[in-house]
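Please read the structure below before turning to the comments.
The values are calculated or read from the model by the stated rules, or taken from the named source; none is laboratory data. From a predicted model like this one, the values you see are computed outputs, not experimental measurements. Methodologically, a virtual Cβ is constructed for each residue, glycine included, from the backbone with ideal geometry; neighbour enumeration extends over all protein chains shown. Side chains are part of the model used for accessible areas, which takes the heavy atoms of the whole protein and leaves out ligands, DNA and RNA. Shrake-Rupley method; radii C 1.70, N 1.55, O 1.52, S 1.80 Å.
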Amino acid sequence: MDPNRHEVSLARPIDGNLLRVCNLTVSYRLGPAYESTALKQVSFTVNCAEIVGLLGESGCGKSTTALALMQMLPANARISMGSIQLDGCNLLSMKEDRLRRLRGSETSIVYQDSETLNPMMRVGNQVMEVLRAHKPAKTAQMRDEIYSIFAALGLKDCDRIYRAFPHQLSGGQRRRVAIAQALICKPRLVIADEPTSSLDSEATTGILDIFRQLRATHNTAILLISHDPETLRAADRLLVMYAGEIVESGPLNEVFEHPAHPYTRALLQCSTRQAAPPMFGVNRHSLACIPGEPPDPCEVLPGCGFSPRCSNRAEICDSLRPRLFEISGVHSARCLQYEARE
Amino acid sequence: MRLLSKKSLLLMSLVAIHVPILFSGLFAPYDVAEQNRDFSFVPPSRIHFTDAHRTLHLRPSVCSLENSGFGQYHENRDRCFPIHFLIMGSPYLLFGVFKSNLHLFGVEAPAKIFLMGTDLYGRDVFSRFLYGGQLSLLTGILATALSLGFGVLFGTLAGYYGGWPDAVIMRIAELFLALPWLYLLFAVRAFLPLNLNAAAAFCLLVSVIGIVGWARPARLVRGIALSSRERHYVLAARLFGGSDSYLIRRHVLPDAYAVIITQAVLLIPQYVLAEVTLSFLGLGVGEPTPSWGNMLSTLQQYQVLVSYWWLAIPGAVLVPVFCSYLLLASELQPRRTAIDA
Ligand code: SF4
């Protein structure tokens, strides 16, 4: 069976695609002749001024996707197939030097943990150095720019924060500084990998508002990566990832209201069941209610990857790999249930 | 609260030792090569505050010496000469550049002041001690700079890049660590012509001592680079487009600063000792240029060792110098933990 045959539905050339990922397959070498596939033929696009949410459990390949988009995969990772096009340029064939100029200025990442700031440098200088690397100007001018982005990110008392060391700031402030680092060069694509993990709900709301604003004012495209459906409410479109595959994709409202894939359904169900504040509650344990474990990435199931945990499982699911079926023009799911309908 | 911390006390004592050596032309009353054949092996001069009539004077004085034959000297208490401060004497070059003939202290001829006695040729041991310190300490400092330069360079490259550069560099470092370096120095030095001029011998000494010692700092720095390149902020800086050289300069090397400084403070006395050892064995800079090592080498003669104790003073002075350095190193050591937390 030709593995490329049916994987193109999402990568249709649409004008205005800023990022187009096509059949991206990434594997990690864990030993001699021992590989685990982290991403299997992942295809998606992100348009200008669009917020795309990427939902999935930890270990499903979300962070690998983020690192692959930055071309910063660890040394033991290998991209065996596919392409990543940013604005029509293939990142995979780009020279390291050019990639470096792209990182931080065109594409930028807000990383999931709060230790992305050097504890021995003043945070203002750390933001300044991103700016200096890509858009050098007079120091005073750059400082003004940093003050204004601090203000825009809701960091009051810019002067103090500019001169503070990371340990003198709260978690939310540090995260905002990290976001300032990512946004200071006004990139066109921002990848936010769990940007709100370990923050309280107020800070979470604030940071999601920042992303919405950014999209509105600068036409920035944002790939919002999270394990928590509530965080992704800020998105326009949702991609659901399971075991290195995109299992469902569609507009946010449609996916939330009519989830097509059994995995999405289970995920949303336990999230709403546990969410005490309905919006932006941090449901770190919400995934425990899907029975079973995610599959071992090293072993390849012959059928649907979700079948051991699926409540709608049919006999055929163990032998046939489902492809992405279009449910409506924009909504598709990787589940054999829909094959019968076609 | 204590008035002075231990660290600043140690620093001050190091400065007190180094300043006279640095300005040895000013502090030394005589030229290093100035010989007084009539005054060979004179013991340290006595400084008197009274004259022959037992009257007290505020200005100290020395009495003129008379050679009574067979290496015996006696003071002529009737001929006392006051010690003058900041007087003009024999010309010298300060730092090898500035001409001057100002000396911190001295006495008028025909009296002589020998604070540490004289050697076989009647040369003032104190003056030679100061000038010799210049050579010995400079050897230590330059060789340390060389060692640390190579060590930090290769250690960072190995730790930061990992993979085969790491393997190659570290295997070579292990080779260097396993070498008995003192014998290696002998071998290298013995291989080269014995009568080198002072400048060539000095350069050779510095480069051999410095290059042989690069492995230890390289290993330490590699360990730090290895752990700091894995830190999240290094990854983050790279994700924002930081180049390798930027990451090394701004994030990796600052982590190693404390270790580099401690290593420097540890290596300087070690390398001064290496110079002293080599010169003592006649493999360093040769006569008439003084160095602590070749000043001590006269002590190889048993007769000198038992009769003229003042010639051992340069060796005795090494003890406080080394102690200050080593104590300073141990003071500097735990500093990093506070920042790390
Ligand atoms: S293909 Fe079968 S097992 Fe897989 S999600 Fe659909 S129903 Fe469940």
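Quick look at the values:
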{"quantity": "Residue within the stretch A:150-159 that is touching a strand residue (DSSP E or B) at 6+ places or on another chain (Cβ under 6 Å) and among the small types (Gly, Ala, Ser) present", "calculated": "no"}
{"quantity": "Hey, B:GLY122 in a loop (DSSP other than H, G, I, E, B) and touching a helix residue (DSSP H, G or I) at 6+ places or on another chain (Cβ under 7 Å) or not", "calculated": "yes"}
{"quantity": "Per-region count, the stretch A:116-136, residues touching a His at 6+ places or on another chain (Cβ under 8 Å) and closer than 13 Å to A:ARG176 by Cα", "calculated": "1"}
{"quantity": "Boolean, A:THR64 is away from every other protein chain (no Cβ under 14 Å) and touching a Leu at 6+ places or on another chain (Cβ under 7 Å)", "calculated": "yes"}
{"quantity": "Selection from the stretch B:17-75 of residues that are part of a loop (DSSP other than H, G, I, E, B), of a type in the set (D, E, K, R) and either within 16 Å of B:ILE113 (Cα to Cα) or assigned by TED's automatic domain parsing to the domain that holds B:VAL321 (or both)", "calculated": "B:ASP31, B:GLU34, B:ARG46"}
{"quantity": "Residues being away from every other protein chain (no Cβ under 11 Å) and surrounded by fewer than 22 Cβ atoms within 10 Å (Cβ to Cβ) - total across the stretch A:175-187", "calculated": "1"}
{"quantity": "Extreme residue, nearest to the other protein chains (Cβ to nearest Cβ), among residues of the stretch A:127-153 that are open to solvent by less than 40 Å² (accessible area, probe 1.4 Å) and within 21 Å of A:LEU208 (Cα to Cα)", "calculated": "A:VAL127"}
{"quantity": "Residue within the stretch A:258-267 that is more than 11 Å from the ligand (Cβ to nearest atom), modelled with pLDDT of 85 or more and in a loop (DSSP other than H, G, I, E, B) present", "calculated": "yes"}
{"quantity": "Any hit, the stretch A:115-126, residues being within 10 Å of chain B (Cβ to nearest Cβ) and acidic (Asp, Glu)", "calculated": "yes"}
{"quantity": "Lone qualifier among B:ALA109, B:ALA145 - being within 25 Å of B:TYR271 (Cα to Cα) and surrounded by fewer than 19 Cβ atoms within 10 Å (Cβ to Cβ)", "calculated": "B:ALA145"}
{"quantity": "Which listed residue is out of contact with any strand residue (DSSP E or B) (no Cβ under 7 Å at 6 or more places or on another chain), open to solvent by 50 Å² or more (accessible area, probe 1.4 Å) and not hydroxyl-bearing (Ser, Thr, Tyr), from B:PHE49, B:PHE98, B:PHE85", "calculated": "B:PHE98"}
{"quantity": "Qualifying residues in the stretch A:311-342 (those that are more than 13 Å from the ligand (Cβ to nearest atom) and in a loop (DSSP other than H, G, I, E, B)) - the one farthest from the other protein chains (Cβ to nearest Cβ)", "calculated": "A:GLU342"}
{"quantity": "Residue list for the stretch A:241-257, restricted to those being away from the ligand (no atom under 15 Å from the Cβ) and in a strand (DSSP E or B)", "calculated": "A:GLY250, A:PRO251"}
{"quantity": "Test set (1) modelled with pLDDT of 85 or more; (2) more than 30 Å from B:ALA173 (Cβ to Cβ) - B:TYR161 fails condition number", "calculated": "(2)"}
{"quantity": "Count of the stretch B:203-256 residues which are of a type in the set (Val, Ile, Thr) and within 12 Å of chain A (Cβ to nearest Cβ)", "calculated": "2"}
{"quantity": "Total residues in the stretch A:88-105, condition surrounded by 14 or more Cβ atoms within 10 Å (Cβ to Cβ) and either acidic (Asp, Glu) or part of a loop (DSSP other than H, G, I, E, B) (or both)", "calculated": "3"}
{"quantity": "Selection count where residues are without any contact (Cβ under 8 Å) to a residue 60 or more places away in the chain and of a type in the set (D, E, K, R), scope the stretch A:201-227", "calculated": "2"}
{"quantity": "Count of the stretch A:156-215 residues which are among the aromatic types (Phe, Trp, Tyr) and not in a helix (DSSP H, G or I)", "calculated": "1"}
{"quantity": "Test: A:MET81 is at pLDDT 85 or above, away from chain B (no Cβ under 14 Å) and not in a helix (DSSP H, G or I)", "calculated": "yes"}
{"quantity": "Verdict on A:PHE211 being more than 16 Å from the ligand (Cβ to nearest atom) and open to solvent by 10 Å² or more (accessible area, probe 1.4 Å)", "calculated": "no"}
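Yes/no matrix, rows are residues, columns are (1) surrounded by 15 or more Cβ atoms within 10 Å (Cβ to Cβ); (2) on the phi < 0 side of the Ramachandran plot; (3) β-branched (Val, Ile, Thr):
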{"site": "B:GLN134", "(1), (2), (3)": "yes, yes, no"}
{"site": "B:ALA167", "(1), (2), (3)": "no, yes, no"}
{"site": "B:LEU185", "(1), (2), (3)": "yes, yes, no"}
{"site": "B:VAL188", "(1), (2), (3)": "yes, yes, yes"}
{"site": "B:PHE191", "(1), (2), (3)": "no, yes, no"}
{"site": "B:SER228", "(1), (2), (3)": "yes, yes, no"}
{"site": "B:VAL234", "(1), (2), (3)": "yes, yes, yes"}
{"site": "B:LEU239", "(1), (2), (3)": "yes, yes, no"}
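Residue-wise test of (1) away from chain B (no Cβ under 14 Å); (2) among the hydroxyl-bearing types (Ser, Thr, Tyr); (3) touching a residue at least 12 places away in the same chain (Cβ under 8 Å); (4) not in a strand (DSSP E or B).
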site	(1), (2), (3), (4)
A:THR37	yes, yes, yes, no
A:THR45	yes, yes, yes, no
A:CYS60	yes, no, yes, yes
A:LEU73	no, no, yes, yes
